[in-house]
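Enquirer: Encoded as structure tokens, here's the structure I'll be asking about.
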Amino acid sequence: MSSLPLLASLVGCDRSGFDQVPKPNEAYPSVVEIGELEVISLDQYNALAGEGSAASTWCNETSPGVARETVGDRTQDDDLPLCYYGQVGLSEIGGDIGGATFTFEGTGGNVCLVVDPETVFWNQAVESTTNRDNYSYPDLEEDDGDMDMFAGLSAYYTGSPGVEIGDFTGFYTDSLGNQIAIEYGLCTQVGAQGQDDAHAGRATPEYCTIDTSDYAGVEFTVVLESFSVPLDDGLLSFGVMAREGSCSGISECSLLGESLDEEGNVRDCTPQLEKAFCTEQNLEPFCCIHPDMCGEDANVDECESALDELSVGNIDELETAYCTENDCCD
């Protein structure tokens, strides 16, 4: 059997795939220690959510050092941040796991933990049971990242904050000399099909409820493991909070403004993108005007439907009509 076809195929293949692997950003560490966060009240969360894409500014301006409220039987610590927006770099290929950690103190009740990695990812358009035409414009994958969240009592955490990402797995040796693993993690997430220990997909928030009724005043550690770093800059930005109560009503729109540039500012055009996704729930006009913020392979019919909806004849007229009613990015 001749080997010429095989050799020809090898010679003809000039694609390595490295263009789909993000490059490490040496200016940013791959392991970040956030420190302790205050568990915020529902009123404080509503104030945070009301800031929209300026939420990161709200976090910086309200924490720490401002007067806090009494929540239940506890008084909040005015030296602790109320929430956190930050960035983590990419680990060296084949190196240690990257990510971030923070701690919070048990309140004696339920605490909702939320992390939202950049930017926004829509998949309702391809979901078989609840297809959403308004989200049918393709997503721009290069600017999306993914974080997996784990949490448990700090006493069981195996990592070293700011140095090495660990987990909540303990071990003991039984009478036969077998080493048995014990999982001490408390962050249980339920998947769309009801499966336990699930994780959300790319650019999608992860959240779980921790019952601290037996652990008032006890320290917990939360691990945000970098599962995927955006291809465009090798830098994963994210927002995170700990809120009193259970995680009801948490969505992509619960923490906005998490997509940051290398200077730590909200990335240009993302406030308008988040408004189109969360408030208007219609991506077509925005994406037709700003395709660089969405996907490249849009169906022409989608833009034509947006033109018809606003009774305009071309993209320039669409931009004029749309931007009269909405803020548009330059």
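The values are calculated or read from the model by the stated rules, or taken from the named source; none is laboratory data. Every value quoted in this text rests on a predicted model; they were computed, and no experiment measured them. Note that each Cβ is placed from the backbone with ideal geometry, even for glycine, and that neighbours are counted across all protein chains shown.
Enquirer: If residue 321 satisfies every condition in (1) in contact (Cβ under 8 Å) with a residue 24 or more places away in the chain; (2) over 19 Å from residue 142 (Cα atoms); (3) outside any loop (DSSP other than H, G, I, E, B) but one, which is the exception?
Expert: Single failed check for residue 321: (1).
Enquirer: Can we say residue 237 is in contact with a Pro (Cβ under 9 Å, 6 or more places away or on another chain), among the polar types (S, T, N, Q), in the same structural domain as residue 118 (by TED's automatic domain parsing) and surrounded by 19 or more Cβ atoms within 10 Å (Cβ to Cβ)?
Expert: Yes, satisfied.
Enquirer: Only one of 55, 49 is touching a helix residue (DSSP H, G or I) at 6+ places or on another chain (Cβ under 7 Å), outside any strand (DSSP E or B), modelled with pLDDT of 90 or more and among the hydrophobic types (A, V, I, L, M, F, W, C). Can you tell me which?
Expert: 55
Enquirer: Separate question: Is it fair to say residue 236 is part of a loop (DSSP other than H, G, I, E, B) and of a type in the set (A, V, I, L, M, F, W, C)?
Expert: The answer is no for residue 236.
Enquirer: Separate question: Please give the strands (runs of 3 or more DSSP E) falling wholly within the range 75-145 in which 1 or more residues are modelled with pLDDT of 90 or more and among the acidic types (Asp, Glu).
Expert: It comes to 99-105, 110-117.
Enquirer: Conditions first: (1) assigned to a helix (DSSP H, G or I); (2) buried (at least 20 other Cβ atoms within 10 Å of the Cβ); (3) modelled with pLDDT of 90 or more. Residue 278 passes all but one, so which condition is the exception?
Expert: Just one mismatch for residue 278, condition (2).
Enquirer: Could you tell me whether any residue of the range 297-312 is in contact with a helix residue (DSSP H, G or I) (Cβ under 6 Å, 6 or more places away or on another chain), within 23 Å of residue 55 (Cα to Cα) and assigned to a loop (DSSP other than H, G, I, E, B)? First the steps, then the outcome.
Expert: Within the range 297-312, the first condition is being in contact with a helix residue (DSSP H, G or I) (Cβ under 6 Å, 6 or more places away or on another chain), and the residues that meet it are 302-303, 306-307, 310, 312.
The next check asks that each one be within 23 Å of residue 55 (Cα to Cα); those that pass are none.
No; the residues of the range 297-312 include none that is in contact with a helix residue (DSSP H, G or I) (Cβ under 6 Å, 6 or more places away or on another chain), within 23 Å of residue 55 (Cα to Cα) and assigned to a loop (DSSP other than H, G, I, E, B).
Enquirer: I'd like the full set of residues that are in contact with a helix residue (DSSP H, G or I) (Cβ under 7 Å, 6 or more places away or on another chain) and either within 20 Å of residue 205 (Cα to Cα) or hydrophobic (A, V, I, L, M, F, W, C) (or both), limited to the range 217-231.
Expert: In the first step, residues of the range 217-231 are kept if they are in contact with a helix residue (DSSP H, G or I) (Cβ under 7 Å, 6 or more places away or on another chain); the result is 219-221, 230-231.
220, 221, 230, 231 - these are the residues of the range 217-231 that are in contact with a helix residue (DSSP H, G or I) (Cβ under 7 Å, 6 or more places away or on another chain) and either within 20 Å of residue 205 (Cα to Cα) or hydrophobic (A, V, I, L, M, F, W, C) (or both).
Enquirer: Something else: I need a count of the residues in the range 198-210 that are within 30 Å of residue 75 (Cβ to Cβ) and either charged (D, E, K, R) or surrounded by 21 or more Cβ atoms within 10 Å (Cβ to Cβ) (or both).
Expert: Looking only at the range 198-210, we keep the residues that are within 30 Å of residue 75 (Cβ to Cβ), and these are 205-210.
Next, only the ones that are either charged (D, E, K, R) or surrounded by 21 or more Cβ atoms within 10 Å (Cβ to Cβ) (or both) stay: 205-208, 210.
Number of matching residues: 5.
Enquirer: From 254, 213, 246, grab the single residue that is hydroxyl-bearing (Ser, Thr, Tyr), more than 21 Å from residue 24 (Cα to Cα) and exposed (fewer than 14 other Cβ atoms within 10 Å of the Cβ).
Expert: 213
Enquirer: Now, a different point. Name the one entry in 157, 137 that is more than 20 Å from the chain's Cα centre (by Cα) and within 30 Å of residue 307 (Cα to Cα).
Expert: Numbers: 157 fails: within 30 Å of residue 307 (Cα to Cα).
Step by step, each of 157, 137 is checked, and only 137 is more than 20 Å from the chain's Cα centre (by Cα) and within 30 Å of residue 307 (Cα to Cα).
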